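Taken together, the values in this text are just the output of simple stated rules run on the coordinates, not laboratory data. Here the structure is a predicted model, which is why all the values come from computation and not from measurement. We place every Cβ from the backbone using ideal geometry, glycine too, and count neighbours over all the protein chains shown.
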């Protein structure tokens with residue numbers, strides 16, 4: 001039963017990793033743009049939630065009402081004003097600029113919030129659980145996070161395949177030059193893509209703050225998990241990203257079951273195995 | 001004579017230090033079909049890339065629908081009524097045929113062309129509408145590319161080498177659509193390496209050579225010698 005429990009908890013943990021990864025996957029898919037500061041943006045969103053909760057006293061879940069649109073706006077204008085200028089034939093400038101962002105965000109957070117570990121108190125939600133069988137309980141919070149990941153990825157998928165803007169984003173992912181001949185303004189399209197990705201970062205940040213302790217330095221590790229989930233699942237496939245998150249989560253909880261010290265290492269090993277066996281990821285991009 | 005729908009005066013284009021166009025004077029009137037012919041590297045595609053805004057044209061004298069559009073962005077020109085069928089078709093592989101057509105309407109201004117009228121023009125596309133854009137045969141892909149261009153309801157449609165790499169019988173199929181498109185009142189520029197095909201559809205011909213216009217005229221008045229001289233840069237005597 002312990003092992004089944006480990007797998008179930010791993011699947012649920014995978015939902016959080018998929019939320020970390022979805023925004024990264026989306027930005028890379030549409031713009032071929034790797035955001036090194038992705039993890040730090042998630043942590044920034046977590047601090048945003050902390051501020052909202054501290055000032056208004058609302059339940060952490062409700063902080064999403066402010067954090068998600070706030071992040072989306074920041075994403076849009078950040079892309080339009082700054083990041084679009086770094087895009088071009090050379091892939092190095094966006095890497096360098098977002099690497100710089102990563103350092104700046106960590107230090108500003110350190111300056112403002114100190115290095116103290118923080119966590120949002122979610123009240124009864126934290127301890128509530130559903131008993132599935134003897135010795136197998138599912139925490140309400142991990143379940144909520146997992147269902148949110150399903151909802152976010154399903155929603156993104158529907159958006160990409162059913163709306164006019166989603167179609168243009170997919171076309172942009174295929175061929176940035178030719179979409180200009182369709183009347184699409186690349187600068188705006190990229191802004192929209194980053195806004196959507198940042199909204200997902202906002203959701204991920206709030207859940208991060210509710211589920212684990214965080215401090216200004218935890219961003220890069222989240223980036224690593226996000227990267228691993230995206231690569232395991234296959235670039236440009238959002239359901240693949242969810243699967244990648246789940247595989248990473250399950251590998252970690254199984255590792256932890258063997259020996260608590262093995263948790264993180266087991267995830268990295270699973271990632272390495274996939275990278276060696278299927279470098280394209282398990283579910284490479286499908287055709288529309 | 002009314003204002004030309006598109007006019008360039010002394011248009012120049014550069015790739016870095018390399019000058020590709022040396023002062024192109026060009027005009028096209030409403031309802032006209034113009035063919036641009038010329039050998040590889042004559043500057044035909046560069047000319048189209050310039051007037052669509054894919055190449056930077058700051059400060060150049062280009063008029064579209066009576067307005068100066070030198071330096072205008074590609075997407076704003078689409079909204080003003082300029083559409084291009086790019087060389088090599090450039091369909092979006094992750095989109096279906098129907099989605100490829102629909103994306104053509106992204107920057108649209110009017111509502112003359114719809115999926116239905118495109119399917120009337122190319123009935124085979126209706127059968128294939130749920131296939132991936134690049135899963136079709138070359139000729140069918142070209143039909144999608146033309147349909148995608150029409151979906152933006154262009155006042156001026158530019159077709160770059162639509163017969164390139166296709167079998168003659170397929171080229172015939174595709175060019176059968178041209179009179180139907182013209183019948184809707186569309187104005188077209190067709191860039192072609194195939195001189196006979198160009199002469200067959202065009203009201204007027206421009207021949208490009210090494211970045212300059214080497215000859216203009218109507219298909220009925222131009223002689224074969226004139227064209228080969230303008231096309232290959234050979235003197236009439238030398239051609240014999």
Limited to the range B:119-145, what total is found for residues that are closer than 17 Å to residue B:92 by Cα and either in contact (Cβ under 8 Å) with a residue 40 or more places away in the chain or in a helix (DSSP H, G or I) (or both)?
12
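Considering only residues that are surrounded by fewer than 24 Cβ atoms within 10 Å (Cβ to Cβ) and either in contact with a helix residue (DSSP H, G or I) (Cβ under 7 Å, 6 or more places away or on another chain) or more than 10 Å from chain A (Cβ to nearest Cβ) (or both), which ones fall in the range B:100-112?
Here is the first cut: in the range B:100-112, the residues surrounded by fewer than 24 Cβ atoms within 10 Å (Cβ to Cβ) are B:102, B:105-106, B:108-112.
Hits for the range B:100-112 are B:102, B:106, B:109, B:110, B:111, B:112.
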Helices (runs of 4 or more DSSP H) wholly in the range A:158-243 with at least 1 residues that are in contact (Cβ under 8 Å) with a residue 60 or more places away in the chain and closer than 30 Å to residue A:113 by Cα - which ones?
A:186-211, A:219-233
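Which ones in the range B:200-235 are assigned to a helix (DSSP H, G or I) and within 12 Å of residue B:34 (Cβ to Cβ)?
B:201
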Quick one: residue A:35 ticks every box in (1) in a helix (DSSP H, G or I); (2) closer than 27 Å to residue A:116 by Cβ except a single one, so which number is it?
(1)
Tell me which residues, restricted to the range A:267-288, are closer than 24 Å to residue A:142 by Cα and under 20 Å from the mean Cα position of the chain (by Cα).
A:267, A:268, A:270, A:271
Conditions first: (1) free of Cβ contacts under 8 Å to residues at least 40 places away in the same chain; (2) crowded, with 17+ Cβ neighbours inside 10 Å; (3) outside any loop (DSSP other than H, G, I, E, B); (4) within 10 Å of chain A (Cβ to nearest Cβ). Residue B:148 passes all but one, so which condition is the exception?
(1)
Identify all residues within the range B:119-137 that are more than 23 Å from the chain's Cα centre (by Cα), surrounded by 16 or more Cβ atoms within 10 Å (Cβ to Cβ) and within 10 Å of another protein chain (Cβ to nearest Cβ); write none if there are none.
B:131, B:132
Restricting to the range B:53-85, name every residue that is more than 9 Å from chain A (Cβ to nearest Cβ), part of a loop (DSSP other than H, G, I, E, B) and either in contact (Cβ under 8 Å) with a residue 60 or more places away in the chain or under 17 Å from the mean Cα position of the chain (by Cα) (or both).
B:55, B:65, B:66, B:81
Evaluation of residue B:116 against (1) surrounded by fewer than 21 Cβ atoms within 10 Å (Cβ to Cβ); (2) assigned to a helix (DSSP H, G or I); (3) within 13 Å of chain A (Cβ to nearest Cβ) (one fails), failing number
(3)
